[in-house]
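Q: Shown below is the structure under consideration.
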Amino acid sequence: MVDVLLCYLAKGAEYVRLDAVGFMWKEPGKSCIHLEKTHLIIKLLRSIIDNVAPGTVIITETNVPHKDNIAYFGAGDDEAHMVYQFSLPPLVLHAVQKQNVEALCAWAQKPDTTFQQHHLV
């Protein structure tokens, strides 16, 4: 995995998207979603990127509840730079089609919908 990452970084990758990241690590007898070792792998990849290609962005993708999804930010500077927000695109489309932003604003104002400006994807 690291050799593939280094290859992409050497070719100038600016973004690295980790799809279905919640299932990255498997352990027999466990649900195999959101395991601590998954977060350790992301921290390792982030450390490599920060040292080899500062400015390259890790985007994680998991189609899970928002609270679980944003856990991939870690402490804010040690895991993902961005977390893909599955809820956002349909809410924006709905707001445009219906010319009504209430649902979009309600989602953005939920207490657990906190993100820095650059985390919005």
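The values are calculated or read from the model by the stated rules, or taken from the named source; none is laboratory data. All values derive from a computational prediction rather than experimental measurement. Positions of Cβ are generated from backbone atoms using ideal geometry, with glycine treated the same way; all protein chains shown enter the neighbour counts.
Q: When the residues of the stretch 78-93 are filtered to those that are under 14 Å from ALA108 (Cα atoms) and not hydrophobic (A, V, I, L, M, F, W, C), which remaining residue is surrounded by the most Cβ atoms within 10 Å (Cβ to Cβ)?
A: First, pick out the residues of the stretch 78-93 that are under 14 Å from ALA108 (Cα atoms): 85-92.
Keeping just the survivors that are not hydrophobic (A, V, I, L, M, F, W, C) gives 85, 87, 89-90.
Numbers: GLN85: 18, SER87: 16, PRO89: 11, PRO90: 11.
Here the answer is GLN85.
Q: Given the conditions (1) within 21 Å of PHE86 (Cβ to Cβ); (2) touching a His at 6+ places or on another chain (Cβ under 9 Å), and given that THR56 satisfies all but one, which numbered condition is not satisfied?
A: The one condition THR56 does not meet is (1).
Q: Okay, moving on. Filter the stretch 49-64 down to the residues that are polar (S, T, N, Q) and modelled with pLDDT of 95 or more, then identify the one that is nearest to the chain's Cα centre (by Cα). Outline the logic, then answer.
A: Filtering the stretch 49-64 down to residues polar (S, T, N, Q) leaves 51, 56, 60, 62-63.
The next check asks that each one be modelled with pLDDT of 95 or more; those that pass are 51, 56, 60.
Details: ASN51: 20, THR56: 14, THR60: 3 Å.
Looking at the filtered set, the residue picked out is THR60.
Q: Out of LYS30, LYS67, I need the residue that is outside any helix (DSSP H, G or I) and at pLDDT below 95. Which one? Please lay out each step first, then the result.
A: Details: LYS67 fails: outside any helix (DSSP H, G or I).
Among LYS30, LYS67, only LYS30 is outside any helix (DSSP H, G or I) and at pLDDT below 95.
Q: Of the residues in the stretch 70-98, how many are closer than 20 Å to ILE33 by Cβ, assigned to a loop (DSSP other than H, G, I, E, B) and either among the hydrophobic types (A, V, I, L, M, F, W, C) or without any contact (Cβ under 8 Å) to a residue 40 or more places away in the chain (or both)?
A: Total satisfying the criteria: 5.
Q: Failed condition for HIS39, given (1) under 23 Å from ASN69 (Cα atoms); (2) assigned to a loop (DSSP other than H, G, I, E, B), with all others met?
A: Evaluating HIS39 over (1) under 23 Å from ASN69 (Cα atoms); (2) assigned to a loop (DSSP other than H, G, I, E, B) leaves (2) as the failure.
Q: Could you check ALA108 against (1) exposed (fewer than 15 other Cβ atoms within 10 Å of the Cβ); (2) farther than 21 Å from ASP19 by Cα; (3) not hydroxyl-bearing (Ser, Thr, Tyr) and say which number it fails?
A: For ALA108, the exception is condition (1).
Q: Looking at ARG46, ARG17, which one is closer than 23 Å to TRP107 by Cβ, at pLDDT 95 or above and out of contact with any helix residue (DSSP H, G or I) (no Cβ under 7 Å at 6 or more places or on another chain)? Walk me through how you get there before you give the answer.
A: Details: ARG46 fails: closer than 23 Å to TRP107 by Cβ.
Residue meeting the stated conditions: ARG17.
Q: For the stretch 13-40, which positions are among the aliphatic types (A, V, I, L, M), surrounded by fewer than 18 Cβ atoms within 10 Å (Cβ to Cβ) and in contact (Cβ under 8 Å) with a residue 24 or more places away in the chain? Give the steps one after another, and end with the answer.
A: Taking the stretch 13-40 and keeping what is among the aliphatic types (A, V, I, L, M), we get 13, 16, 18, 20-21, 24, 33, 35, 40.
If we keep only those that are surrounded by fewer than 18 Cβ atoms within 10 Å (Cβ to Cβ) too, we end up with 13, 20, 33, 35, 40.
Correct list: ALA13, ALA20, ILE33.
Q: Let me ask something else. Please specify each residue of the stretch 17-37 satisfying the condition of being closer than 23 Å to LEU88 by Cβ and either among the basic types (Lys, Arg) or touching a Gly at 6+ places or on another chain (Cβ under 7 Å) (or both).
A: ARG17, ILE33, HIS34
Q: Taking ILE59 as the residue in question, decide whether it is part of a strand (DSSP E or B) and buried (at least 18 other Cβ atoms within 10 Å of the Cβ). Spell out how you get there, then give the answer.
A: On the way: part of a strand (DSSP E or B): yes; buried (at least 18 other Cβ atoms within 10 Å of the Cβ): yes.
Criteria met by ILE59.
Q: I've got another one for you. Kindly establish whether LEU6 is farther than 22 Å from LEU104 by Cβ and surrounded by 16 or more Cβ atoms within 10 Å (Cβ to Cβ).
A: Numbers: farther than 22 Å from LEU104 by Cβ: yes; surrounded by 16 or more Cβ atoms within 10 Å (Cβ to Cβ): no.
No; evaluated as a whole, the condition is false for this residue.
Q: Further, regarding this structure: So, in the stretch 3-48, exactly how many residues are under 14 Å from MET82 (Cα atoms) and either over 16 Å from the mean Cα position of the chain (by Cα) or among the β-branched types (Val, Ile, Thr) (or both)?
A: Counting residues in the stretch 3-48 that are under 14 Å from MET82 (Cα atoms) and either over 16 Å from the mean Cα position of the chain (by Cα) or among the β-branched types (Val, Ile, Thr) (or both) gives 3.
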